[in-house]
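In what follows, a structure is listed as structure tokens, so that the remarks can point back to it.
The values are calculated or read from the model by the stated rules, or taken from the named source; none is laboratory data. Source: prediction; values computed, not measured. Here the Cβ positions follow ideal geometry from the backbone for every residue, glycine too, while neighbour counts run over all protein chains shown. The accessibility values were calculated without ligands, DNA or RNA, using every heavy atom of the protein model including side chains. Shrake-Rupley method; radii C 1.70, N 1.55, O 1.52, S 1.80 Å.
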Amino acid sequence: MKAIARPLQYACFQCRKCFKRPRFSCALTPTSRFMTTEQQVARGKEVEDFEASRTCTCPDCGGPAHYMGIDFKAPRKTDTRAWRDAEAFIASGKLFIRGR
């Protein structure tokens, strides 16, 4: 598996920290052109299963990390009001993505 594109941005609301995790794909690996179609499909399913079962936790406290969208700008760690607003925004089911 190879990391591709823009990494996914996550945040922990307990310790007010933002961090990124890579996305994975098997389509861009150099060995994929030498694989049969069945092998490529199997590897694609493996990557999908890996991404679906992956849970992101905070590297500091080990608490749950929430996907924020690609356009999230983390407020200062001391700005508790902005972090509460961001948590309420994510809890409502929305993401920080331009144009939505």
Query raised in the report: Say we look at segment 13-33 and pick out the residues that are within 15 Å of the chain's Cα centre (by Cα), among the charged types (D, E, K, R) and at pLDDT 80 or above; which of these is most open to solvent (accessible area, probe 1.4 Å)?
Result: 20
Report summary line: Checking 91, 52, 65, 86 in turn, the sole residue that is surrounded by fewer than 11 Cβ atoms within 10 Å (Cβ to Cβ), small (Gly, Ala, Ser), under 19 Å from the mean Cα position of the chain (by Cα) and at pLDDT 85 or above turns out to be 91
Query raised in the report: Across segment 68-89, what is the total count of residues that are in contact (Cβ under 8 Å) with a residue 60 or more places away in the chain, β-branched (Val, Ile, Thr) and more than 19 Å from residue 22 (Cα to Cα)?
Result: 1
Query raised in the report: Are there any pairs with C-beta distances below 9 angstrom linking a residue in segment 46-67 that is part of a loop (DSSP other than H, G, I, E, B) to a residue that is of a type in the set (Gly, Ala, Ser), with the two at least 6 apart or on different chains, and if so which?
Result: 55/65; 56/65; 58/11; 58/65; 59/65; 65/11
